[in-house]
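Below is one structure, written out as structure tokens; comments come after it.
The values are calculated or read from the model by the stated rules, or taken from the named source; none is laboratory data. These numbers were taken from a predicted model, which means no experiment stands behind them. Cβ sites come from the backbone with ideal geometry, for glycine too, and all protein chains shown count toward neighbours.
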Amino acid sequence: MIRVTIDAAPLLFRSAGVKNYFYYWTRHLLREARGVEIRLFPFLDPPAWLDHERSVAGPAATLARLALLQFINRFPNDLAGWSDPRINVFHACKLLNPPRRARLTATMHDFTSWTVPEMQRRTNIRADRLFADRILKRADGLIAVSEATRSDAVRLLNLPPDKICVIHHGISREFFEAGPNEAGAARSRHGLQRSYLLFAGTIEPRKNVDLLLDAYQGLSQSIREEFDLVVVGPRGWVPESTLARLLDPPMGIRYLGYVPEQDLPGLFAGAAAFVYPSLYEGFGFPVAQAMAAGAPVVTSSVSSLPEIAGGAALLVDPRSEAELRGALGEILTSPAKRERLSALGRANASRFSWPECARQSLRFFERVAG
């Protein structure tokens, strides 16, 4: 029996994509495990729900676990190893003093702190670089969530390519199953009266929301009278000027803020198109989710996004307002193009399966355990 302990600390934090990953990934690992015992650190039960804004544990349990995590990280020790001496593999995320007897692995989500450091908080950059030194460079095996992330890891950190296994994220079945009923319910719940162009993601500099707002406002009046721009996502690290544009927007722009996970499939399915002009992504969950729900996609031609889009989206230079505006005008004025991209996107999204992600991950753990 191989015993794998997964550092699932992001389930205790306010988080978006990484929390999404750990929620669905760990649930499917537990379902698919055959001959592999999966445990969650710090002493977590399998998560029963996903809320990006709140911990999966109660307040007291969350504080206790965060205190334990901070204590282990602050002083050199093998406390995590003493807690379960039978661990074969420890998969790190926030823990910097992993069990010494276990093989060490981790998932590499992105390299934002290296590629666009001007768009990251200094505390995040310090934490990412410390994790790279303490965990990534020591690891016996690593998962990259895209070929682009694998390439960044080799180029930026000089990590051995043969230690890195590319395993794409999955997309939950609710996105594939969303249809007119779910779209209608989401529109009603959020008061969306007109057809809409959708953006979903944490509001932070690298998501390029200011350029999107400029491009939308530069569209012809006839397009803006037919299609609203609906922006969905919690406030992250964002300039006050960007936030002011969202909180007091001109006619046609709606900012919904954080939307619960269960509402997202309907919002995606009801969109005339989905736009995601991010400047850098390790994977790009929203692009794959939009495709699964049948929304035609406009996204960036950089980092992992062409890989995830798989030829089923309009790709633009995310630093060109004119190019983005042209793509939006093209997709919003052509029902035939939207229908074609919707069909291509659904087919492309079928590549992203949580059960398959879990099965590949279990084989990865078995190889690392030897």
>> Take the residues in region 321-358 that are exposed (fewer than 15 other Cβ atoms within 10 Å of the Cβ) and among the polar types (S, T, N, Q); name whichever of them is farthest from Ile167 (Cα to Cα).
In response: Ser334
> For region 51-69, how many residues are surrounded by fewer than 19 Cβ atoms within 10 Å (Cβ to Cβ) and part of a helix (DSSP H, G or I)?
Replying inline: 9
>> I'd like to verify a number: residues in region 148-184 that are crowded, with 20+ Cβ neighbours inside 10 Å and of a type in the set (Ser, Thr, Tyr), how many?
In response: 2
> Exactly one of (1) within 14 Å of Tyr280 (Cβ to Cβ); (2) of a type in the set (A, V, I, L, M, F, W, C); (3) in a loop (DSSP other than H, G, I, E, B) is unmet by Leu156. Its number?
Replying inline: (3)
> Only one residue in Leu246, Leu198, Leu212 is of a type outside the set (Phe, Trp, Tyr), crowded, with 24+ Cβ neighbours inside 10 Å and assigned to a helix (DSSP H, G or I). Which one?
Replying inline: Leu212
>> Give me the helices (runs of 4 or more DSSP H) completely within region 260-370, filtered to those with at least 3 residues that are closer than 25 Å to Asn20 by Cα and aliphatic (A, V, I, L, M), ordered by residue number.
In response: 264-270, 285-292, 305-309, 335-349, 354-369
>> Can you tell me which of (1) in contact with a Lys or Arg (Cβ under 6 Å, 6 or more places away or on another chain); (2) more than 20 Å from Gly282 (Cα to Cα) is the one Ile164 doesn't meet?
In response: (2)
> Any idea which residue in region 110-147 is surrounded by the most Cβ atoms within 10 Å (Cβ to Cβ), counting only those that are acidic (Asp, Glu) and out of contact with any Phe, Trp or Tyr (no Cβ under 9 Å at 6 or more places or on another chain)?
Replying inline: Asp140
>> Checking Asp110 against (1) touching a strand residue (DSSP E or B) at 6+ places or on another chain (Cβ under 7 Å); (2) assigned to a loop (DSSP other than H, G, I, E, B), only one condition comes out false. Which one?
In response: (1)
>> So for region 118-129 (the condition being in the same structural domain as Glu32 (by TED's automatic domain parsing), assigned to a helix (DSSP H, G or I), under 27 Å from Ala290 (Cβ atoms) and among the β-branched types (Val, Ile, Thr)), does at least one residue qualify?
In response: no
>> Just to be sure I understand, how many residues within region 1-50 are surrounded by fewer than 21 Cβ atoms within 10 Å (Cβ to Cβ), closer than 22 Å to Gly370 by Cα and among the acidic types (Asp, Glu)?
In response: 2
> When residues of region 8-30 are filtered for being part of a helix (DSSP H, G or I), of a type in the set (Gly, Ala, Ser) and under 15 Å from Phe43 (Cβ atoms), how many remain?
Replying inline: 1
> Looking at (1) farther than 30 Å from Ala347 by Cα; (2) at pLDDT 95 or above; (3) touching a Pro at 6+ places or on another chain (Cβ under 6 Å), which is the only condition Met119 fails?
Replying inline: (2)
